[in-house]
Each structure stands twice: as C-alpha cells, then as structure tokens.
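Every number here is computed from the coordinates shown, using simple stated rules; none is lab data. The shown structure was predicted, so the numbers you read here are calculated from the model rather than taken from an experiment. No Cβ is skipped: glycine too gets one built from the backbone with ideal geometry, and neighbour counts run over all protein chains shown.
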Amino acid sequence: MINKIKDIKLTSGLILRLLVGLIVVIYLGWRIFQTAFSEGTYGTDTWMRFLIAGLVIGGMYALIAIGYTLVYGILFMINFAHGEVMMLGTFAGYFILEAFATIPMPTEADPELMFLNARPVIALVITFIVGAGVSALMGYLLEKIAYRPLRGAPRLIPLISAIGASIFLQNAAQLLFGPQRRQYINPDFLWRGTGWMIPIGDKSVMITYTGMFSFVLSILLMIGLFILVKRTKLGKSMRAVAENKQAAALMGVDVDSVISKTFVISGILAGSAGVMWGIHNGLFNHYVGFIPGIKAFTAAVLGGIGNIPGAMAGGMLLGLLESLGPALLGLDFQLKDVIAFTILILVLIFRPSGLLGEALTEEKV
Amino acid sequence: MKVKHFFVLICVVVLALSACAPEQITETAAPVEEETEEVTDVVTEEVTEESSSEGEAMPQACLDDAFGCAVIPEGETIKIGMGAPLLGDYSMFGIDISQGVTMALMMDDGFEGWTYELVAEDTGGTAEGGAAVANKMVTDPTVVAIAGHIFSGSTDAAIPVYDKAGLPMMSPSATNPDLTQKGSAVFNRLAFTDADQGKAAADLLFNQLGFTKIAAMHDGGTYGQGLADVVKAEFEELGGEVVAYEAITPGEADYVAPLSAVADAGPEAVYFGGYAADAIVMMNQWAQAGLNDVLLFGCDGTYGVEFTEKTGANGEGAIAASLVPPDSDEKVAFDAAYLEEFGLEAGELSAFTWSSFDTGGVLIAAIESVAFVEDGTLFVPRGALVDAVRNTDFVGLTGLVKCDEIGECNASGPTFYKVVDGAWVPLELVSE
C-alpha cells in the first residue's frame, strides 16, 4: 500500500517537472527565435556592452555569494544580514575616501592636490583594508551576538534572528548616517564614466576603469579564497568543521574559533565587494546591501549552496543573466529580476542542489 | 529530503522579501502630487449674496453683478484667502507659498488707502481639509479672492464651494490636468501641468533643437511615465521618430543594459521622465552605454543641484525643465527681499516661491482693475473680479501670465535649463 502511494507521488512529480520543462523550452525557443529573426536585434557592440556590464556586476555578486556559501557550509544557516555587512563596508570606504579627499598634500605643480590623488594607490589600498576590516568586524560581532546563542536551536530560529539583524543594521545605519544618497569620491584615474575604448566594427565599446578594476580585484580575491580553503591549515579545519562538527572537535579543531573566522572571511569579501560597489556605481545609501544581498543569495543557491566554486559561477551567471536575459528574450529591462528569480525557481525544480551541486550530501545533514 | 524542503521555504521567503524591497529613494522634487482622495460630500453653503449689512443702497455695479459686491469698510483690509498644508509632512509647501504670496501683498502699496492681507488656513494637504477651509472662507465677506489651493486634491474639493460664492482662485501649484477640465469659472492656475511640460519638451526637441530621432525613457512611476508618454505622443505628432521606449527600475545602481539597448537604436537625444537619483546613475553610465554624443533631456524631477553635483563632468550638456524662473533683475531683488523677510533663500522650502509671488501679483492687479470706492467704502464686484482674473494679462517673475478659456494661465511654460560648466543655465542664455 505504502509503496503504491510512493509510486504515484513520484510519477505526478515527474509529470509536473516534465510539463514545466516543456513550457519553458517552448517559451525560450520562441522568444530567442523571435529576437534572432526580428528586426530589433542588437549590434555586436551592444551585446559586448551587455556582456561587460554583466561580468562586472557578476563579480560583485560572486564575492557576496561566497559569504553566504561559506556560512551555510559550516552552520547550515542563511546569514540574511550579509547584505548589511556589505553595506557597512561601503559606508566605511566612503568615509575614508572622503577623508583622503580633504587631506592636503600640495606639490609645486598643483597646490590644491589632496592625498587622494597624490597617492591614489595607497589611498585605495587603505580604503579597501578599512572597508573589509569594518565588514569583517561586523561579521564577527554578528555571529557572536545574533547566532552563537542560538547554536543549538532549531534551524528556523537563527534564520529569523538573521532577518532581525538585517533590519536592525539597516535602520541603525539610517539613524547614524542619515537617509540621503551619498556618492563615492574616486581618485582621478578611476573616475566613473572613463575607460578604454575598444573598437568593434565602426563603433567602439568602453570598458570602464572602475569596471575592470572591480572585475580583476574580485577574481584575485576569489583565487585568494580558494588557496586559503584548499592549501592552509585554517582552510583544512574549515572543511573539517563543514563535514562533521563533532568529529572535527574530537580531532582537536576549535569549532567556535573556526566559525568565527569563517564569518570574518565572509565579512572581508563582502566589505571588499561593498567598496567596489561604491567605486564602480557611485551612489549609495543605507539600502545598498539589500538587493545585492538577495541577488547574491540567489547566486549561491543557483551554483549550489555550500559549494565555493558554485557560488562564484552562480554569481557570474546571475550577473550575465540580468544584463543579457531581457535582451535575449526580447523583454522589457524592468523584468530582469523576474528573469533572474524565474531561473532560480527552475533550478530548484530540476536541480534542487544547484548547478554545481551542494558540497555536502544529504546524509550528512 | 529535508534539505530540499528547507530550500524551497527559504526561496519563498527570499521572493517575498524581494517583493517588498524598500523603495530605495523617495523624493519630492517634482510638482506637488498627492493622494487623490475622493470627496463624496462637499458641503456647499448658500452664501448670502447681499453682503451689504445696514441696508444702505448698493452702487449700481453691485446690483448688476451676479455675485454682488464685497463691501470693505474703512479701516479693514482686503483679504485674500488661502488653503494650504501649513502643518505636517507637506508643510514646507504651504509655508513657502504663503510666504511668497505675503511678499507680493506686502510689496504692494495698497489700493486707495486699503491694504491687503493674506488669510491662510491649514488644509493638511487633504481634500477634506480643502473643503472645510473653502466653506470657512466663503463666510467671510471681506475675502475677495483665493490664492490656491496648494495640492490638487484639496483644490478639487474647494472649487465647487468657491464656484457658488464667486470667489476667483489662482493656484500656484495644483498640477493635476483634470482641474481645469471641469468647467469651473473661478479656478485658474499658474502652475504648468505635466501635459504642458511634455508638450513644451517635445516642441523644444523637435523645433528648436532640431532632433528627429529620440528615445523616451521613464522610471515606471505615474509622474515619469506620464511625462514620457506625452513627449512620445507629441514628438511623433510633430513628425519626429521615437526609436526606443524603455523603462528602468528606479533606485538601482546599474542601468548600463537598458541604456545600451536604447543606444543601439541610435537616438539623437534621450528624454527621461523621472527623478534626479536615477538620472544621476544613468548620466554616469552614459558613455559606457555608448551614448557619448547623445543628449539627456530631463524633466523638472531631474532638475536640481544634486544632479550637477553628482554627475560632474559626465552631466555636462544635459537639459532639464524647471518652474524656477531664469534670473532677472526683479528676481534677484525679490530673492534678496525674501531672504531679509523670512531668513530663508527663495526656493529653499519648495520650488513654488516665485510662482506664489506672481499669484499674489495677479490677484492684486485683478482686484485693482474692478474695485471702486464710494462714500468711503470699498466695493469689489465679485462676478467682475472672477472675469478679471480669468482675463489676466500680467508679466511676473515667471514670465507672462495670461489665462486661456479654461484657466490655464502659465503662458510661458516651463523654463529649460542646460548644464554648462557644472551649473544649470537657462537655455536661452546658452550661446552656441
């Protein structure tokens, strides 16, 4: 009897998946066919612009997504306040850059010169260190205050706590810094709206300095993280804790300290992404972390949560989907979030463990 | 299996969360628009037409007038009423506009010994408040005209009341297009509507700037999309081509993709209906999207110091509309007098300071054209005053004020500004 019911359930699920799949395939095929053969197709230069915009934003999503994945891999919880950790990094970077822009460093050629443009590289390095540092500290405190006391509680409890922390941080930032929009002050050589012009056909496509800077930096940070997880002792203990907390503890790994360090690392990545966000996009206020946070979580699930390469691939893929998707399907650009979240739902239907799979198998949970 | 269910749950939570994503940036730079509350029952009182109290013989002009005369004995002031949000969230509009009108009344020498006085009452910006203030105004026999009301909803509720009493209105700020479509004889306005603005923008783009291919973009809001739609329709009517029409999601940080799609259609100019916050982001990504030589043409929501401050060199050459009049000797003198009187820069509280000053001027001119003195008493024939306001031909700070047959009095339309060396300069002063 029980077997029979099980059988029926399986088949109905299968039929549902098949139906959804069929509808999606027919729709996608129809839209892409339409875009490709209608007169409204875009030129090569326009496709290049979509691609570049997607890669830059994808790099930032990837950095934030790694934070979700690292924490999930170890604690099996979604740190919904991660976007706010990034927001604080953006604010810290802004205040540092603003301070540098008012420290005079006059030279003979230019008596008006400020530290920001006199030593732009040092200024940027310090900005990133402070931005990442503030976010790392925030990540550490968040875990200490909001999650550690709930370590043994059912899984939904820390989730609620995370959402509460997110709302708290957002409102605290609004009270502290005001609700107005601010704009990053970049050093002159990284000015927004300037870049290399790449000729394509008879047109030229601009690769902005800020975009290139953000993209390269996010790739470097990801490589750094990969080395940290695969090659260092800390990385080894993180992997051990992710695999089995009790066994790791028995082997002499200090589980609490590894968890704290994981939050610090994800804070560093989020803070860097926050400063990049400011440098590349300019305008921000206390809501800056909210949407990127949600998107990065989507990216993490897309790639397979708990899986670091998955988060990187998911972030990049989501960035590209957002900028290329509406154009490919010939839809309104306002619908880019609809496309992104539809893809998420489809992935959950067909591959619940994400594109690259979860790093952990179900028995371990 | 548990894990999968958990994921689905989380994803539902995420979707729900993102649905209620905070409107990142809200701004009230644009014309005053507010909730259009339906007023079901507007209490209209029959106003005693014979305001002459002691039964003395009225002058013939008053007996002939449909609404009789306002009788103002010696020693009293000629009162101009106003219904404005003076308290609460929108008080900056009411305070600013009442101060602008007060300036006009103060700077006038008066009429044959009678001086003017503004009677401003709080409407809270609501329709109910507007009706209540209107009913109060019509019971005061020395109130001859109304400067206002300020918000469209409160104005809408007040019009029928003033219509019955024969009190002419001149609103410096109610922009809802429908207000003048209801056949009211008393309602006039100095504010230009969104439709006027769109028309003026399309005309400027096609006829003066000589563009034939433009793109229209908007932020999906009532105000922004409304403007973009008007511009699109008008521009096509003039014979131009709208090659792209694209919406953006307000409050985002990256518009390269929609801008690139617009750029691909090859427009010569891009009209944008929306607020400065998004226009700034767009302007900073202009070159990235391949729009280097393309003009950004904004609306009065785009105009403002924030735009020039935050776009810097990228914003150079952009055009936007505004109801702030261009600098003239009179405007400079007014700004100085306003600062001295109220300790505030003109335009600091709202952009309506100058049009409210003109409102006062228009009403004074109309009153003086019909009022007369007999036996030491001032008579203002109400019906004649209603016609006089409608027939206004007045040059003020905001330009020519001349009403058409339905009471749209902003004959000069919006002023267009262009960013030159990081500052907004009136378009006609830009030499090229």
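Overview of values
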item: Chain A: DSSP helices with Cα axial extent of at least 27 Å and average Kyte-Doolittle hydropathy no lower than 0.0; result: A:2-37, A:44-75, A:82-100, A:120-142, A:156-177, A:209-231, A:255-281, A:308-329
item: Candidates B:144, B:324, B:242, ranked by Gaussian network fluctuation over chain B, Cα under 10 Å, top entry; result: B:242
item: Dipole magnitude (debye, nearest 20) for chain A, charges at Cβ of Lys, Arg, Asp, Glu; result: 1240
item: Which of B:354, A:196 has the fewest Cβ neighbours within 10 Å, and the rest in rising order; result: A:196, B:354
item: Net charge of Cβ neighbours under 10 Å - reference residue B:384; Lys, Arg +1; Asp, Glu -1; result: -2
item: Shape of the protein assembly as shown, Cα gyration tensor, a/c cut at 1.5; result: prolate
item: Positive minus negative residues near residue B:402 (Lys, Arg vs Asp, Glu; Cβ under 13 Å); result: -3
item: Size of electric dipole in the protein assembly as shown: Cβ of Lys, Arg +1 and of Asp, Glu -1, about Cα centre, debye, nearest 20; result: 8200
item: Rh by Kirkwood over Cα pairs, then Stokes-Einstein D for chain B at 0.692 mPa s and 37 °C, µm²/s; result: 141
item: Computed over the range A:81-198: relative contact order in percent, which uses C-alpha pairs under 8 Å that are six or more apart; result: 33
item: Shape call, the range B:333-407: gyration tensor on alpha carbons, a/c limit 1.5; result: oblate
item: Sorted by Cβ density within 10 Å, fewest first, the residues A:182, B:382; result: A:182, B:382
item: Nearest-20 debye value, the range B:249-347 charge dipole, Cβ charges on Lys, Arg, Asp, Glu; result: 360
item: Residue of B:320, B:191, B:257 that the Gaussian network model of chain B assigns the largest fluctuation, springs spanning Cα pairs under 10 Å; result: B:257
item: Shielding by partners, peptide B:309-316 (average Cβ within 10 angstrom, other chains); result: 3
item: On Cα atoms only, tilt of B:222-238 relative to the major axis of chain B in degrees; result: 90
item: Over chain A, relative contact order from alpha-carbon pairs under 8 Å, at least 6 apart, %; result: 31
item: Selection from B:282, B:295, B:312 lying farthest towards where the dipole of the range B:282-336 points positive, charges on Cβ; result: B:282
item: Computed helical MRE - 222 nm, the protein assembly as shown, DSSP H runs ≥ 4 contributing -39500 (n - 2.57), nearest 500; result: -17000 deg cm²/dmol
item: Built amide H within the under 5 Å cut-off of residue B:274, gap 5+; result: B:299, B:301, B:302
item: Net +/- balance of residues flanking residue B:423 in space, Cβ distance below 15 Å, scoring K and R +1, D and E -1; result: -3
item: Charge dipole (the protein assembly as shown, unit charges on Cβ, about Cα centre) - positive-most of A:338, A:356, A:58; result: A:356
item: Proxy reagent accessibility, fewest Cβ within 10 Å first, across B:138, A:253, B:186; result: A:253, B:138, B:186
item: Restraint check, B:232/B:331; A:230/A:261; A:144/A:245, Cα-Cα greater than 22 Å; result: B:232/B:331
item: Gyration tensor (alpha-carbon) shape descriptor, chain A, a/c threshold 1.5; result: oblate
item: Listed residues B:378, B:209, B:118, most fluctuating in chain B (Gaussian network, C-alpha, under 10 Å); result: B:209
item: Nearest-0.05 FRET efficiency for residue B:345 and residue B:372, computed from C-beta distance (R0 41 Å); result: 0.55
item: Relative contact order (%) - criterion: Cα under 8 Å, at least six apart; region: chain B; result: 18
item: Acute angle (nearest 10 degrees) that the helix B:91-107 long axis makes with the longest principal axis of chain B, alpha-carbon atoms; result: 50
item: Rounded tilt (10° steps) of B:152-165 against the dominant C-alpha axis of chain B; result: 20
